[in-house]
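Report on one structure; see the data block that follows.
The values are calculated or read from the model by the stated rules, or taken from the named source; none is laboratory data. On a predicted model such as this, the values are computed, not experimentally measured, just so you know. Cβ atoms come from the backbone with ideal geometry, glycine included; neighbour counts cover every protein chain shown. To get the accessible areas, we keep the full protein, side chains included, count just its heavy atoms, and leave off ligands, DNA and RNA. Shrake-Rupley method; radii C 1.70, N 1.55, O 1.52, S 1.80 Å.
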Amino acid sequence: MATYTVKLLAKQPVAQGTMAFHLEKPAGFEFRAGQAFEVILPGGAEGEDGSHAFSIVSAPHEAELVFATRMRDSKFKRALGALEPGSSLQIDGPFGSLTLHKKAERAGVLIAGGIGITPFMSMLRSAAEQRSDRSLALLYSNRRPEDAAFLVELQALAQRNPHIRLVATMTDMAHSSQAWDGATGYIDRDFVQRAIAGLTAPIFYVAGPPTLVEAMRSTLVDAGVDEDDVRSEEFFGY
Ligand SMILES: Cc1cc2nc3c(=O)[nH]c(=O)nc-3n(C[C@H](O)[C@H](O)[C@H](O)COP(=O)(O)OP(=O)(O)OC[C@H]3O[C@@H](n4cnc5c(N)ncnc54)[C@H](O)[C@@H]3O)c2cc1C
């Protein structure tokens, strides 16, 4: 891990209330898809209000570093939101062990709740770029399509790649102004079993708010999944 000063290149909305931030990629900054870094704001110090950890959305082969977050009304997010392209900030990293297993004959099942999609974007973009024949299934839960970051990109990616399966579900369509003809309801045991049908000896990855990750872990274990085959990243702070 090292600390780098980088420029903010661009910021853009990727869903309602969710922004992606595009940063310069420092020379020599190498990471594995799924890893994270600490973002330290100008004038901010390590610690709750001055820095936050974020999973890297962009894939290792991509030219920029991208992270995405829900723009809540916190001291850190207000300061982050006020940054304009051209501003400098610091990143510390990479770190983290939420990276894909080596044995490609075993499928990967990625379970994301809301903003937990971020590390999986890097994995899926990377797999697509490498034309990997490893089977990857993404189970992606959001309240409404409006809240689902990167949904259109993920739908196109799954359409183009026979080894990538996307099962997206919405849990609150009653409050949506968008059409949705996909799955609805929470990711429970039956949902998982249907979504992973035909996959070989899957290993599971779960990311998102701690309560979701905990609930998903027990759902998987209840469904008979060996706890050793479940890896997770808890986004403390949500
Ligand atoms: C490895 C990792 C990867 C992450 N990736 C992402 C990502 O890709 N996108 C994203 O939006 N968020 C990610 N997070 C969470 C992120 O770091 C922030 O905590 C989150 O975005 C909430 O920030 P906030 O400013 O809205 O809330 P804050 O105001 O900072 O926090 C809200 C509440 O959570 C508490 N809290 C904050 N941090 C912690 C902590 N570490 N442990 C316990 N309580 C805490 C605070 O005390 C406060 O009460 C990640 C976290 C980790 C550890």
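Summary table below
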item	result
Pair-distance profile P(r), taking every C-alpha pair of the chain, with 10 angstrom steps and integer %	7, 33, 36, 19, 4, 0
Candidate aspartates and glutamates for bridging to Lys75, where Cα separation is under 12 Å - those fewer than 8 sequence places away on the same chain excluded	Glu48, Asp49
Two-site label geometry, Asp181 and Arg106: point separation in nm, points 7 Å out along Cα→Cβ	3.8
Per-residue [θ]222 nm for the chain (sum of -39500 (n - 2.57) over DSSP H runs n ≥ 4, rounded to 500)	-6000 deg cm²/dmol
Inter-probe distance in nm under a simple model that places probes 7 Å from Cα toward Cβ, at Ala197 and Phe236	4.1
Residue list for segment 76-111, given a label point 7 angstrom along the Cα-to-Cβ vector of Asp228 and an amide N cut-off under 19 Å	98-109
Selection from Ser176, Thr118, Ser135, by position along the positive dipole direction of segment 108-234 (Cβ)	Ser135
Viscosity 1.306 mPa s, 10 °C: Kirkwood-radius Stokes-Einstein D of segment 2-95 over Cα pairs, µm²/s	120
Surface accessible to a 1.4 Å probe, Met123 within the full protein complex, Å²	0
Candidate lysines - alpha carbon under 16 Å from Lys7, same-chain residues fewer than 8 apart omitted	Lys25
